[in-house]
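The values are calculated or read from the model by the stated rules, or taken from the named source; none is laboratory data. Computed from a predicted structure; not experimentally measured. In this analysis, Cβ positions are derived from the backbone assuming ideal geometry, glycine residues included, and neighbour counts consider all displayed protein chains. Note: areas computed on protein heavy atoms with side chains; ligands, DNA, RNA excluded. Shrake-Rupley method; radii C 1.70, N 1.55, O 1.52, S 1.80 Å.
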Amino acid sequence: MASVTDIPTESDFASTITSLPPATVVVIYFHAPWAAPCKQMSTVLSTLASTYPSSAPLAFLSLNAEELPEISEQYDVTAVPYIVLQKDDSVLETVSGSDAAKVRAAVEKYAGAGSAGEASKLGLPPAQSVTKPAAPTTDLGTGATNGTNGAKNLASYAPSNNDPKTAPEYSSGAKETKEELFARLGELVKAAPVMLFMKGTPSAPQCGFSRQTSSLLREKGVRYGFFNILADDDVRQGLKEFADWPTFPQLWVGGELVGGLDIIKEEFENDADFLAEYTVSKQRNAGGPAAPQAQAQTA
């Protein structure tokens, strides 16, 4: 019988995908060990896989979304559980949430049905044939579980009334040329002496790495501006090419890219004075985003 294969590294993922025949339907399951809905989905997928023979042109892969950020970014994962069905490097369908019937229906749509008797015996629900409300997901940033498709509802990522403005004078709703976008990005990365481009806001981060980065800067007492890339997809996509850096968060200092969370941690570990000139008095305990009037303004 088929089974779910755990993929621990990016190189393992690349080699596994490359080794599969083009006709293979690949079920890519993104999860986080602390997310309650993922426990149910892990059981569902393991059970569903067992209804197919090992010779079936079908592969089930399990990835920790927070430990493999580049792959998560590639598939636009912002909530878990999140399942991608892929064939010959093309995405067929995605499923967000822990609705077992919906997942079974998606797999059977592209891979055919497994053993119906075995599925019934193992307690799998019938394949879903009607639209149902979205199953719960757990946000990678806040850990909050909700019953809506949080992974795709960008409105939920807007800053709250308690958040400082997110680079207001540099946000744009108009379509830009690449030259115009890069000019805007060139100004945006210098909008504050220290700029953090993150998913969500410091008070409501929308991925674990953004949460850890903003927490680290706060712990070190660093004052910084931030930009919620989920509120402006042009910035989100354009900054990857502009910076030649494919993932978020990104930290910029003086208009120069420092890097992501791992590099920021290394800098703090190797240099006690890293970002020291941008820190504030610990007595005031004021580390964190700049005040609203200072957000995304050139120093």
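Net charge dipole, region 4-112: roughly 540 debye, given to the nearest 20, about the Cα centre with Cβ charges of +1 for Lys and Arg and -1 for Asp and Glu. Per residue, the solvent-accessible area of region 178-278 (1.4 Å probe, heavy atoms of protein chains only, all protein chains present) comes to 41 Å².
Of the residues P21, T51, I71, the one whose Cα sits farthest towards the positive end of the charge dipole of region 4-112 is T51 (charges of +1 on Lys and Arg Cβ, -1 on Asp and Glu Cβ, taken about the Cα centre). Of all alpha-carbon pairs in region 4-112, indicate the percentage at a distance above 22 angstrom. That fraction is 22 percent. Of the accessible area of region 178-278, computed with a 1.4 Å probe over protein heavy atoms only, carbon and sulfur atoms account for 45 percent. What you get for region 178-278, charging only the Cβ of Lys and Arg (+1) and of Asp and Glu (-1), is a dipole of about 420 debye around the Cα centre. Here the spin labels are modelled as points 7 Å beyond Cα on the Cα-Cβ line, and at T24 and D88 they lie 1.6 nm apart.
Take every Cα-Cα pair in region 1-49 and report what % of them are more than 17 Å apart. Cα-Cα pairs of region 1-49 separated by over 17 Å account for 43 percent. Each peptide in 261-268, 212-219 gets a packing score, the mean of other Cβ atoms within 10 Å over its residues, and the list from highest to lowest is 212-219, 261-268.
Sorting 270-280, 72-82 by average packing, meaning the other beta carbons within 10 Å per residue, from highest down gives 72-82, 270-280.
Using 0.36 nm per residue and subtracting the Cα-Cα separation, the extra length available between E269 and A183 on full extension is 27.6 nm. In region 178-278, a dipole from Cβ-located charges (positive for Lys and Arg, negative for Asp and Glu) runs towards its positive end, and of T201, Q250, G225 it is T201 whose Cα lies farthest in that direction. Counted over region 178-278, the DSSP beta bridges are approximately 70% antiparallel.
Annotation: per residue accessible area for region 4-112 equals 39 Å², rounded to a whole number [probe 1.4 Å, protein chains only].
For region 175-215, the equivalent ellipsoid built from the Cα gyration tensor has semi-axes of 25, 13, 7 Å, listed from largest to smallest. Two numbers describe the Cα atoms of region 174-246: Rg and Dmax, which are 12.7, 39 Å. Taking amide H as placed 1.01 Å from N in the peptide plane, Y224 has its amide H under 5 Å from the amide H of G288, A290, each at least 5 places away in sequence or on another chain.
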